[in-house]
Amino acid sequence: MIGGSTAEAELGALARWASPAPGITQAERLTRLDRLRALGAERGADAVLVNAGPSLHYFAGVSWRATERLVALLVPVNGEPRMICPAFERGSLEAELAVSADLLLWEEDADPVQLVADALPRGATLAVDPLLPFHYGETIRAAGLTLIDGAFAIDGCRMVKSAAELALMRQAKAMTLEVHRRAARILAPGIAASAVVRFIDAAHRALGASGSSFCAVQFGRATAFPHGLPGDQLLEEDSLVLIDTGCTVHGYHSDITRTYAFGTVSDEVRSLWALEKAAQAAAFDAVAPGVPCEAVDAAARRVLEGAGLGPDYRLPGLPHRTGHGIGMAIHEPAYLVRGDRTPLAPGMCFSNEPMIVVPDRFGIRLEDHFHVTETGAAWFTEPQVSIDRPFP
């Protein structure tokens, strides 16, 4: 249903998620570290350095974002992990650290890079997190270590999700789909996009998430811009609505977009909405183990180009990749885009969102996520039914 309710009524009907998925166990984290060591050893690395951010959360349970202070996990291919952290953060670190690690603490006037250098033999090969700031990498190199890109090891672990990870992602996506459903019910002429954003954040919290990880609410012409326009909008009758939002559950993301009619929209909009749905279905059908990521993007583009859109990134058409990997980061490798030849494998998870943009007029994005199975793909959330019926 679109419209007919209020934010108060919809929030009042929500409760914390009845059957939450279990968090990641210490045993699974230890398996991840073993896998990281094995991948590092295969490339001749003596250790892997994992920077603060999603990868540190993945391996060690520490959910801190990267800042100007070095916080990182040093994982020798032989030996126990070592956690590098400012000394004054020790209590906060120990409250979250989910694996056993020696603490290498540094004071504010010390050089944390020296802790990395001292922990390894001079000339040792260190595989570094691709998200480690450049200046730290260069300082580590100057201290006598040989650096290589650690993406092969870090992303190599994170790209393929376990059953426990899939369960957490399934919950996050189910929660966000429920929030989408209720957001559609509160729409009314004159409602501000900001009011819908506030409702979506409150609804995610009511279900037990820590709020929305992001939220974009676009009406009418603003839908033609993939990430919206500045300023607040008011919803008018007979408008296209595009809402893109997500949350996290134990650090695992959801990210779902629905585009639908509020009132009456033109036959042109309806025709391109149907084409968008066909392109999304073609991308899904192209998925199978061993297929390169770029082939999924190509499948969606063939549908659009067959209808006279594009080609490539030309507009009207699809201005960006068909999809992105998702897990502990909302966008993470691999990517469904030309040039990414990463072979699909069971457990990999992606968005599927081959957006159609008609410049300065309107845009249509249907975004659901799938995970690769032994035989093809499986949806986390069922795609939108129709332009007038956004939810089953």
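From the list 250, 204, the one residue that fits, being touching a Cys at 6+ places or on another chain (Cβ under 8 Å), in contact (Cβ under 8 Å) with a residue 40 or more places away in the chain and not polar (S, T, N, Q), is 204. Would you check if residue 392 is surrounded by fewer than 22 Cβ atoms within 10 Å (Cβ to Cβ) and either under 20 Å from residue 254 (Cα atoms) or charged (D, E, K, R) (or both)? Considered against the rule, which asks whether it is surrounded by fewer than 22 Cβ atoms within 10 Å (Cβ to Cβ) and either under 20 Å from residue 254 (Cα atoms) or charged (D, E, K, R) (or both), residue 392 comes out as yes.
Are any residues in the range 225-246 under 29 Å from residue 169 (Cα atoms) and in contact (Cβ under 8 Å) with a residue 12 or more places away in the chain, and if so, which ones? Hits for the range 225-246 are 225, 226, 228, 240, 241, 242, 243, 244, 245, 246. Condition check for residue 228 on (1) at pLDDT below 95; (2) surrounded by 20 or more Cβ atoms within 10 Å (Cβ to Cβ); (3) more than 16 Å from the chain's Cα centre (by Cα): one failure, at (2). Count of the range 341-357 residues, restricted to those that are open to solvent by less than 10 Å² (accessible area, probe 1.4 Å) and either more than 24 Å from residue 316 (Cα to Cα) or of a type in the set (Val, Ile, Thr) (or both), is 7.
Evaluating residue 175 against the criteria (1) in contact (Cβ under 8 Å) with a residue 40 or more places away in the chain; (2) closer than 30 Å to residue 39 by Cβ; (3) crowded, with 22+ Cβ neighbours inside 10 Å leaves one unmet condition, (2). Looking across the range 224-246, the residues that are over 16 Å from residue 390 (Cα atoms) and not acidic (Asp, Glu) come down to 224, 225, 226, 227, 228, 229, 230, 231, 233, 234, 235, 246. Scanning the range 241-290 for residues that are among the aliphatic types (A, V, I, L, M), assigned to a loop (DSSP other than H, G, I, E, B) and in contact with a helix residue (DSSP H, G or I) (Cβ under 7 Å, 6 or more places away or on another chain) yields a total of 2. What number of residues in the range 194-224 are in a helix (DSSP H, G or I), open to solvent by 10 Å² or more (accessible area, probe 1.4 Å) and within 17 Å of residue 259 (Cβ to Cβ)? Count: 3.
Might you check whether a residue that is free of Cβ contacts under 8 Å to residues at least 24 places away in the same chain and open to solvent by less than 20 Å² (accessible area, probe 1.4 Å) occurs anywhere in the range 294-302? There is at least one residue in the range 294-302 that is free of Cβ contacts under 8 Å to residues at least 24 places away in the same chain and open to solvent by less than 20 Å² (accessible area, probe 1.4 Å).
The values are calculated or read from the model by the stated rules, or taken from the named source; none is laboratory data. Since the model is a prediction, treat every value here as computed from it, not as a measurement. Virtual Cβ from ideal backbone geometry, glycine too; neighbours counted across all protein chains shown. SASA here: full protein model, heavy atoms, side chains in, ligands and nucleic acids out. Shrake-Rupley method; radii C 1.70, N 1.55, O 1.52, S 1.80 Å.
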